[in-house]
Amino acid sequence: MYQSTDKNDLAALFDKYIESDNYKDKTEAAKILGLLDEQALDERMQKIVILNSDPNIAVLLNLLSSIKVILLKYPKKAGKLLIHVYINTEFSNHLVKEFSRQIIDSINPKVIDNLVVYYNSKLYSKNNFEVARALLVLGFVSMHTPRYLKNSLPELSMISLYSRSELLRILSQAILDEFENIPKSIIKDLKFLIESPDANEDNLNAENDLLKKLVILNLKNEISEDELLFILKYLDDADYRIALLSAITLKKHQKLLKNLIRSKNELDVHSLISGKLYESDEITAINALLAFSYLTIDMNLEMDTKRYIKLIENQVKEYLTHENYLISFYGFEMLNSFVLLNNDELNLRIEKVLENNDLGKLFRKNNLNYYSGTRLLVNLGRYDLLSPEKNMYFDEDLMIEYSEIPKNRVIEQFKNLEKEFKNEDWLYRFEIGKKIGNLLYAFPSEINYKQELIQTILTDRVYLVRSIGAWILQIILERGFKIPEKLIIESIAGFDDPNMEIRQDCAIFYNKLIKKYPEILKNSEISSKLQGSLTTKYFTDHFTVIRTICEDTLKLIPESKELIGYESKNLEEKFKTLEKALDHPELNKSVVIRLKVKLKSYIRSEDSENIVKILEFIEKQELTEEYFDLFHELFKLKKDFEIAGELLKRLKNKFSEVPKSREAIIYGNLNEMIISRRINAVNEIFEYILEGYKISERITRKIKEFVIYPQATPKITELSLKILEKIDTEESKKIFEEKQELENYILENNFESEVVDIKNQTWQEIYFSLKYLLTHDYKTLNYVDLEFLDFMKFSILNSERNSLIITIILLDIFKANLKSGDTNLMYELGKYKKSVLNNIFKIIFNAKYPLLAYKGLECLKVIITKKTSWFEESVLNAENFEEYLPLISKLLDENEPQIQVEALETLASMVKLKVKCTEHPEISKKVLELISDDKKWIIFKKALEVIYSCNFEDNLEMLEKVSKQIIGYLKTSNDDSKLFLIKFFKIKGIDKIPDYLFDELKTFEKSSNPYVSSEIAELIKKRKINMNY
């Protein structure tokens, strides 16, 4: 009907019909929408809300048809349009629901991925309205396609645990538990925030209905007295939604409420609330939250111990033991509120309630219950009631399952879990981590755990996985495992974790560790590092519970007495305490972080007087590497405060590069899934660059990747480009120039494609298509078919006209496809062994492009792990296989057993084919170093096989050096290993080593192991015979 209509006429018709109250006209508007050109569509995007809110089925079905057409024509519009389809998957007529779901199911999954990534990045906004919109979008997505929210779980969990906004906590928890305990209608009521993207704290007007007004007031950071009085009117409203919004908003602004009540005597909020607290409505999660909000408000208005005791022994006890975890959680929250009153009588009643219940069962209901319950026990000082089996990761069903495992199978089971934990999928690692913890708990005497595994879990890039590591530390302590001092020292880093959950559980671990083994404080390294970290968190942590645990633990360390009670001191006394603390190097970081926290606070409040006081205090100090924690604040202040610039100069004069300790923190934040931390890290790097510092290769590598791959937020790309522009290396310049060229190309060519056609597209077109499929954290690399020969066609090493960015991306695709077992690639690897090896070798050893070289090595390692013996066969089939010795040397440096074994096996074959070890002393040295650790048994044996075959006997000087090292290893190795080391002398000739080494070797004849003693005796006899002869 409208196909031949002029585009301007179409737009005019749409504008006419959309304003009509007639559903037939609205239906026509919905039809026309799909025929508008891109510009006209952009100008009318907000009008879609009118159509999507229409109750008429014909309007909605035609709107959905148009949206489907638009998504095919303009995939970029998906971000703005998809949410309207998602809204209809749940809250519409059956026909509309079904059609909406069909549209969603027909869309390329990457479109939804990108939508989720975009809104996930918005969860870190300081603007509550932005966060609320993001949560609502994720909520609608979760209802029909929850699988796309897997990588949003850490952020949702964080918001539900400690967002300052109760409304945002409710929304995130509703999504996490799939609206099981919180009604779905909550997001329907709040969807106006999505439909009105300009809705914010300035949009409060008479046109808003009551619910909208209360939502806007709740999300505002500050409210006026008049607004508070308006909210008070609805505190006991019959509509639970209105009452709840009023209560949680008043709870947020209690200080203002107190002041208002003092000035207006006629306000009797206490009577209103106290009556509500005793109403016996049906217990639901919403009612429990409402009761908790009422209680919190009431406690700030009037203290009534008898009434609170009655509440504890009736409603609160009922909430606490309720089977619904959210109701139970609000029971814990109420008890926490009572404990903060510091009333002994109330605390005794609370302890009695806790002792009469199965706390493990209550704590394990949910992470909310665990952390609220833990806070309660810490505030009561009842650390004795905290134990690993109360953790939410403790699984009684797994305990039953593990009880059926024969003890001789336990170690095998543990090793299997250890291997599975290496999976790249964080959610899979999370599940395996829980199994590892439960298995350790079930079999404390059977398992000899590896310290490296615990450290790997504790340093995972996803905080939910790290939280399992903190729990495992407590299991090791409580279940009687031996705890190596190295693990105790390295785990202290948990105090610096950016997430409260890990800091809290690590702090509890060290509190209980000192109580159980006070003698560990005699170790000066443990004592100083632990005291430093405890003091830092006691001075600076945002969470009261962590400061409390650290204070309680510092009381167990006699040297810390002067630090206790810091917060109660005035400013001058605080400075004196900090100066005294600086006399102890282990407390430097504690002081610096305390200064950082206060400086940030004063910068926010623009308190110049106190900023100067802190800067003058710093000026008097000797600047150690810990002061790099203040770098960002000093950089921010240098424009307005000369003293800040001078301090930066002093740091630069003393440190030519960023200290490794600070760099490690930055690198960790660059790898974080949590976007705000990543932005802060990139920003800090840029500041270092501007101040003339050189950045390490591993950090530069990360920055280059941020430029190559689309990011969750453009801010990361913009900052990373600025950094590359300042780095004077060929690769950085090349990536910077190409990125700009590609972005310009995208602007000039209004073209979008979901299909990557390596064989027929230019490299610019390939990037265009790949940009659609990729984001830095969620690469959908396996969607692209790629042959190795196609990759070589686009390799920058083949032609400077090719793109470095595309070469790197295609190499990543090649690696990803290999990992997934691509049959075509596996065939190519077999057919073109020489060519593949030779080209990867050139990539790895190219000097111009270090990131490309790094990617090449990573790619080769995947080939080695996926195709056993391929590397050895490819090297040995080469015309001059000795040219690959530098590559073998590089592979020996990789701390990965499978890679090292393959390199050693290849090297052993080359040595047997007359490669002379004496001509390659650097490689021989590396092989000898691998023998030093006989715990890695297979590497130890493979390295010895190389040594056995080497021609050291042709060079007596080298034989002497090797023999000396092997005798050194004999002194520290276990008995089984000694026999293999002694074999070297049997093969190479015992008579060829100098007398002084032979004398050292003879001492092993007295070994308690009869086999070792016998082997040495035989060597002595053989040398005697040969020498006499």
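Worth a mention:
- Members of the stretch 820-841 that are surrounded by fewer than 16 Cβ atoms within 10 Å (Cβ to Cβ) and more than 17 Å from residue 790 (Cα to Cα): 820, 821
- Odd one out for residue 174, checked against (1) over 27 Å from residue 230 (Cβ atoms); (2) in a helix (DSSP H, G or I); (3) not β-branched (Val, Ile, Thr): (1)
- Listed here are the helices (runs of 4 or more DSSP H) enclosed by the stretch 305-404 that have at least 3 residues being buried (at least 22 other Cβ atoms within 10 Å of the Cβ): 325-339, 367-380.
- Pairing each residue of the stretch 122-141 that is assigned by TED's automatic domain parsing to the domain that holds residue 215 and within 19 Å of residue 78 (Cβ to Cβ) with any residue that is assigned to a helix (DSSP H, G or I) and polar (S, T, N, Q), provided the two are 6+ apart or on different chains, yields no C-beta distance under 9 Å.
- Where a residue in the stretch 109-121 is closer than 22 Å to residue 158 by Cβ and in contact (Cβ under 8 Å) with a residue 12 or more places away in the chain and its partner, wherever it lies, is outside any helix (DSSP H, G or I) and not polar (S, T, N, Q), with Cβ under 8 Å and at least six apart: 113/778; 117/712; 117/777; 117/778; 118/712; 120/712; 121/712
- Condition check for residue 92 on (1) in contact with a Phe, Trp or Tyr (Cβ under 8 Å, 6 or more places away or on another chain); (2) more than 30 Å from residue 768 (Cα to Cα); (3) polar (S, T, N, Q): one failure, at (1).
- Residue check, residue 243 assigned to a loop (DSSP other than H, G, I, E, B) and of a type in the set (Gly, Ala, Ser): no
- Annotation: residue 209 fulfils all but one of (1) more than 23 Å from residue 676 (Cα to Cα); (2) under 21 Å from the mean Cα position of the chain (by Cα); the unmet one is (2).
- Among residues of the stretch 274-298 being out of contact with any Ser or Thr (no Cβ under 9 Å at 6 or more places or on another chain) and more than 18 Å from residue 183 (Cβ to Cβ), the one that is modelled with the highest pLDDT is 297.
- Filter result (among the basic types (Lys, Arg) and either part of a helix (DSSP H, G or I) or under 11 Å from residue 465 (Cα atoms) (or both)) within the stretch 419-434: 419, 429, 434
- Only listed residue being within 30 Å of residue 557 (Cα to Cα) and in contact (Cβ under 8 Å) with a residue 40 or more places away in the chain, chosen from 595, 648, 587: 587
- Tabulated pairs, the stretch 981-1007, first in a helix (DSSP H, G or I) and surrounded by 16 or more Cβ atoms within 10 Å (Cβ to Cβ), second of a type in the set (Lys, Arg) and modelled with pLDDT of 85 or more, C-beta under 8 angstrom, 6+ apart or interchain: 997/964; 1004/978
- Of all the residues in the stretch 1-48, those that are within 46 Å of the chain's Cα centre (by Cα), among the charged types (D, E, K, R) and over 22 Å from residue 194 (Cα atoms) number 2.
- Elements of type helices (runs of 4 or more DSSP H) in the stretch 6-71, at least 2 residues being within 20 Å of residue 92 (Cβ to Cβ): 23-33, 48-52
- Only listed residue being under 18 Å from the mean Cα position of the chain (by Cα), over 24 Å from residue 159 (Cα atoms) and not polar (S, T, N, Q), chosen from 489, 454: 454
- Look at (1) assigned to a loop (DSSP other than H, G, I, E, B); (2) closer than 20 Å to residue 916 by Cβ and you find that residue 934 fails only one, number (2).
The values are calculated or read from the model by the stated rules, or taken from the named source; none is laboratory data. Source: prediction; values computed, not measured. Here the Cβ is made from the backbone with ideal geometry for all residues, glycine too, and neighbour counts use every protein chain on show.
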